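Participant: After the structure tokens below, expect a handful of questions from me.
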Ligand code: IVH
């Protein structure tokens, strides 16, 4: 073994040990900085010696692999689903069937929470995590190994050695509420579609092509079963204990129950308690404990006869619709919002109302989506409506109790013709359900929204400003556009004060700008001048230009001037930039107001070009040639290869198609990409062959 290989081995073991201690035992034996420094060292060593990188290397936790498509793989054991019920009586019928089939033998159950995420299966060989696959159709699923390796609580190598050489564990992959809320807030900020519930968000994140983005989405997983060719554990209970010992994050809260009535008590116990958990649950799973009895009971084509799930009804409660208010977002879209109270709060003044008790919280406001939905529901203020938490998160109005309607005490709700904030006549774009306020320059929530977007963490990252402070600055007429931020002075800010009302909680907060606050604000604004050009481009809030598109444009054009001057044809020539984005960019840059805003931002000293030197032209030997880069290389990383190709006139594409000239293949490249390239007759070249094509080779 070479000294480098030995160092890689030692670092891998050491970092896995710290990770294991942290996630399984909640013990930090090392500071975050030290951990990151060691991880970086390992990453650098692996980069120069990819041949020594181990399958259980902790560097994979942060992702970095791009998978254009996922390979389909067959499950060694099919992944069945569960029979489910909403009634206690049906649970007793299930128990009667179990009793009968077991012919008088004694049996027990294990009850577990049913987590609302996506079903995953993980294969371990010689104790090392080899593969992670989605459920798919139950017989075969997608190989998402690169993405599941970013789950920090999932051991890359198990503890102990007394296990079968090959085994599979199964569990539920999920996105905790906290990550879900952060993700949605970010997406909203970027003007992108948000996820309706954590399950959809998790499912999307597990299927992302870029595993480093999956890593950023903070997924987690609870393990609930163990499978191997031999009968390794005698009972489900012992398998859960065994899995825990191996270092798995076993689903918490499970309990052994001696009969179905005990299981029913468990179900009732968790009915409300489950809302205290950091993730979504939608029921309870009841499993026969003994594995030999499970085998005796067998399965139908779809589900095992030894288990059943009890699903909690999505809570649906009556509430009184006090009024409908209309929210105007950053893009000008107008969303109707139901202002609700509990039936018994009907006569209370609205500021005293606490709201309807629903799935663990009190709800005062619920979305009504858009004008079509309002029309469909046919609402009147004063109506008794039904509210439900869709995906147990965002409350919505699902219907009206028409039988309770009193025509004299209720009034029809009509969608406004004018913007509730600025009075402009609303417009509706073809093919869209939302009504928009077109006055983007004069409508306060749109202006404030644009500034909030500008200062966002992923944009100019001005942490010392926030929604409340922007509201105050706007109120005093100090800021009307992002460029105004750079004209603010100490004297203007000192002493400003305002009470800000949080509509959701009904509480108000006093904001006052004292010396320290003002210092911080100005420092934050000053610091934003060093933020890279791509962030600035995203911060401008151009329609359809999210963070990823901004990054691509910045990398391609290099400077604001070049981007501003680009024609429609030049814009659509950029990989992954389509018609919609190109038109939006053209419209943005042709607008005189925007031109002035950009000139002011430039004068303020913001970064209008990429850092570092632009790609130097070396030759045009690769002119007209297209490349896809896949796998790991000996002398270059992928970014360096990309630069080399472009410096010599070539172009890098992301997907293999018939038009592609070369697939530049490194180690460990996805077999499906290779197969596709072979099928389409694309020339496959090695790193060596590639360097041979360059001048001076
Ligand atoms: S056991 C034969 N236990 O529910 C299937 N499933 O409808 C054995 N799920 O696909 C599954 N929590 O994704 C089991 N504690 C738990 C679970 C659980 C959630 C999901 C799982 C499965 C679906 C069945």
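Throughout, read-outs are computed from the coordinates displayed, never taken from laboratory work. These numbers were taken from a predicted model, which means no experiment stands behind them. Please note: Cβ atoms are built from the backbone with ideal geometry, for glycine as well, and neighbour counts cover all protein chains shown.
Participant: Extending each Cα 7 Å along its Cβ direction at residue 639 and residue 514, get the distance between those two points in nm, one decimal.
Facilitator: That separation, rounded to one decimal, is 4.3 nm.
Participant: Applying 1/(1 + (r/R0)^6) with R0 = 41 Å to the Cβ-Cβ distance of residue 350 and residue 302, what FRET efficiency is obtained, to the nearest 0.05?
Facilitator: The calculated FRET efficiency here is 0.25.
Participant: Convert 37 °C to kelvin, take the viscosity as 0.692 mPa s, use the Kirkwood radius over C-alpha pairs of the stretch 380-460 as Rh, and evaluate the Stokes-Einstein diffusion coefficient in µm²/s, rounded to a whole number.
Facilitator: Using the Kirkwood radius from Cα pairs, D works out to 202 µm²/s.
Participant: From the C-alpha coordinates alone, can you work out the Kirkwood hydrodynamic radius of the stretch 594-650, in Å?
Facilitator: One decimal place: 14.1 Å for the Kirkwood radius.
Participant: Label points 7 Å out from Cα along the Cβ direction at residue 262 and residue 311: separation in nm?
Facilitator: Label-label distance for residue 262 and residue 311, simple model: 2.8 nm.
Participant: What are the extents of the Cα atoms of the stretch 296-443 along their three principal axes, in Å, largest first?
Facilitator: Each principal axis gives a Cα extent; for the stretch 296-443 these are 71, 40, 26 Å.
Participant: Rank-order 238-247, 167-176 by packing density, defined as the average count of other C-beta atoms within 10 Å over each peptide's residues, highest first.
Facilitator: Peptide ranking by packing, descending: 167-176, 238-247.
Participant: Length gain on complete extension for the stretch residue 561 to residue 9, per 0.36 nm per residue less the alpha carbon to alpha carbon distance?
Facilitator: Result: 193.8 nm gained on full extension.
Participant: Could I have the simple spin-label model distance between residue 568 and residue 501, label points 7 Å from Cα toward Cβ, reported in nm to one decimal?
Facilitator: It is 4.7 nm.
Participant: Give me the percent of Cα-Cα pairs in the stretch 475-563 that sit more than 19 Å apart, rounded to a whole number.
Facilitator: In whole percent, the long-distance tail amounts to 57.
Participant: What is the Å³ per residue value for the convex hull set by the Cα atoms of the stretch 542-687?
Facilitator: 133 Å³
Participant: When ranked by the protection proxy of mean other Cβ atoms within 10 Å per residue, highest first, what sequence do the peptides 348-354, 450-456 form?
Facilitator: Descending packing order for the listed peptides: 450-456, 348-354.
Participant: Want the number for residue 408 to residue 375: 0.36 nm per residue separation, take away the alpha-carbon distance, what's left?
Facilitator: That pair, residue 408 and residue 375, stretches by 9.9 nm at full extension.
Participant: Using 0.36 nm per residue, how much length does the chain from residue 478 to residue 490 gain when fully extended, once their Cα-Cα distance is taken away?
Facilitator: Full-extension gain reported as 3.1 nm.
Participant: Packing-wise, with mean Cβ within 10 Å as the measure, how do 366-372, 605-611 rank, highest first?
Facilitator: The peptides rank, most packed first, as 366-372, 605-611.
Participant: Taking just the alpha-carbon atoms of the chain, what radius of gyration and Dmax come out, in angstrom?
Facilitator: When restricted to the Cα atoms of the chain, Rg and Dmax are 29.2, 89 Å.
Participant: Report the calculated FRET efficiency for residue 584 and residue 659 (r = Cβ-Cβ distance, R0 = 30 Å), to the nearest 0.05.
Facilitator: The pair residue 584/residue 659 has a calculated efficiency of 0.65.
Participant: Moving on. Rounded to two decimals, what is the ratio between the C-alpha radius of gyration of the stretch 73-114 and 2.2 N^0.38 Å?
Facilitator: Taking N as the residue count of the stretch 73-114, the ratio is 1.52.
Participant: Set the Förster distance to 45 Å, then compute FRET efficiency between residue 227 and residue 2 from the Cβ-Cβ distance, nearest 0.05.
Facilitator: 0.75
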